[in-house]
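The values are calculated or read from the model by the stated rules, or taken from the named source; none is laboratory data. Quick caveat: nothing in here was measured; it's all calculated off a predicted structure. No Cβ is skipped: glycine too gets one built from the backbone with ideal geometry, and neighbour counts run over all protein chains shown. These area figures cover heavy atoms from the full protein model, side chains too; ligands, DNA and RNA do not enter into them. Shrake-Rupley method; radii C 1.70, N 1.55, O 1.52, S 1.80 Å.
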Amino acid sequence: MTQLATKLETKLAAVTAAKQRVYLDLTHLGRHVTGIERVSIELFEAVAFTDADVRAVRSRGIVSMILRQHIWLPLLALFHPSALFVFPGFPPSPLFVFARARVVMYVHDLFLITRRGDLGLKAKLYMALPFSIAVRNLVRFQVNSEKTRAELAPFVRADATIQLYRPGVRNVFDLVPQPRSPQALNTQARLQIATLGTVEPRKNYGAMLPILDSLQRRGIGADLHIIGREGWGEAKAALTGDPRVTIHGYLAADRVKAVLETADLYICTSHDEGLGLPLLEAQYAGLAVVAPDKPVFREVLGRSATFIDPADPDTAAEAIAMLTAQPNWRRQASDASLGNVARWNGLAALDGDAVRQMFASSTAHVTPAGNAASAH
């Protein structure tokens with residue numbers, strides 16, 4: 001019996017030793033789980049990488065986060081020269097340039113380079129410089145969309161690879177498509193419009209007010225419900241005081257559920273997004289979606305949305321009015337939204353299979369074929 005136990009322990013040790021050790025930077029995960037945090041959890045923390053020894057590195061508070069990101073993780077790279085380091089949220093310390101072959105950086109968007117004017121002071125000081133150094137010097141990247149891959153490609157090294165790793169979308173708010181009236185919108189009823197996202201300039205919430213005004217001139221009263229914590233800038237001040245606008249702040253999942261399930265449609269007026277994950281999450285409620293006519297929203301929403309130019313409020317309001325004037329518009333929108341979620345999750349599942357191969361010990365240092373694209 002003792003000999004059998006010894007043999008089993010030896011085999012287990014051999015299997016463990018053969019696995020690729022992977023350090024996963026989750027130091028940015030905090031009390032509030034928003035877009036970047038949710039992707040980090042869904043694509044890395046919650047995934048069972050059976051062929052890898054994944055070790056999450058966490059923090060407690062801002063000081064702990066800074067120390068672990070810029071001192072502890074580089075030390076781990078020094079002490080474990082064969083380990084892989086994955087950064088799904090914040091950019092890695094510039095010191096990782098010296099271990100670039102063992103770093104995988106997940107890129108959500110290029111705003112830290114392309115839209116510096118939309119950044120707060122903290123983001124400019126703490127995020128933008130390390131991000132720029134990483135993008136220009138590392139050689140292994142993962143991205144959340146085709147749009148992000150195309151934007152990233154001109155900035156990276158000639159020998160860099162960019163792997164598509166789209167996040168699958170779970171029904172995180174436990175949404176249930178509600179039975180909605182099959183009739184066109186009653187002009188006596190007020191249209192309930194919802195949106196999700198941090199209240200900051202990049203989200204361009206101010207563009208919604210002229211759209212509400214234009215709808216009103218067409219005889220359609222509308223209320224806007226914004227779900228999201230307050231960010232930097234004067235975005236909230238520009239909305240405060242308008243009786244049609246309710247800024248709910250950050251809400252627990254059950255309260256998000258209540259707002260979305262009583263809404264008539266979901267709107268996005270962002271200047272741009274790396275992906276637009278909240279739009280997909282809201283589609284579990286069977287909501288009609290209105291979004292900017294830009295490549296990333298076309299990629300994510302397919303044919304399931306009404307596309308507008310937020311800078312042209314009259315045309316945008318006309319598109320919404322035409323949508324809501326159609327008989328059975330809510331049912332058609334619900335079918336389209338739920339079908340789009342299924343389409344997207346099918347694509348994400350294929351990406352997930354390729355990433356699992358990457359973490360396997362035999363392929364940990366080889367970019368998987370079929371789903372990785374050379375940047376140049």
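Annotations
- Taking the charge dipole of the chain about its Cα centre, with +1 at Lys and Arg Cβ atoms and -1 at Asp and Glu Cβ atoms, the residue from Leu75, Met358, Val97 reaching farthest to the positive side is Leu75.
- For Phe79 and Met127, the difference between the fully extended length at 0.36 nm per residue and the C-alpha to C-alpha distance is 14.7 nm.
- Nonlocal amide H pairs with Asp53, under 5 Å, H built at 1.01 Å: Gln20, Arg21, Val22
- Solvent-accessible heavy-atom area per residue, rounded to whole Å², over the chain at 1.4 Å: 46 Å²
- Anisotropy class of the stretch 238-320 from Cα gyration tensor, a/c 1.5 cut: oblate
- For the chain, the share of accessible area belonging to carbon and sulfur comes to 58 percent (1.4 Å probe, ligands and nucleic acids excluded).
- Inter-centroid distance (Cα atoms) of the stretch 247-302 relative to the stretch 187-242, Å: 13 Å
- Label-to-label distance, nm, for residues given as Trp72 and Val176 (7 Å Cα→Cβ offset): 4.2 nm
- Rounded if a/c under 1.5, otherwise prolate or oblate - the chain, Cα gyration tensor axes: prolate
- Theoretical ellipticity at 222 nm over the chain - DSSP helices of four or more residues, -39500 (n - 2.57) apiece, nearest 500: -10500 deg cm²/dmol
- Remark: the Cα gyration tensor places the stretch 39-172 in the rounded category, a/c being less than 1.5.
- Student exercise, the chain dipole from Lys, Arg, Asp, Glu Cβ charges, in Debye to nearest 20: 940 debye
- Where both bridge residues fall in the chain, DSSP classifies roughly 5% of the beta bridges as antiparallel.
- With the highest mean first, a sort of the peptides 204-216, 66-78 on other beta-carbon atoms found within 10 angstrom per residue produces 204-216, 66-78.
- Restraint check, Lys122/Lys257; Lys147/Lys257; Lys19/Lys122; Lys124/Lys147; Lys236/Lys257; Lys122/Lys203, Cα-Cα greater than 27 Å: Lys122/Lys257; Lys147/Lys257; Lys19/Lys122
- Distant-in-sequence amide contacts of Val289, defined by a placed amide H-H separation under 5 Å and a gap of 5 or more residues or a different chain, comprise Tyr266, Thr306.
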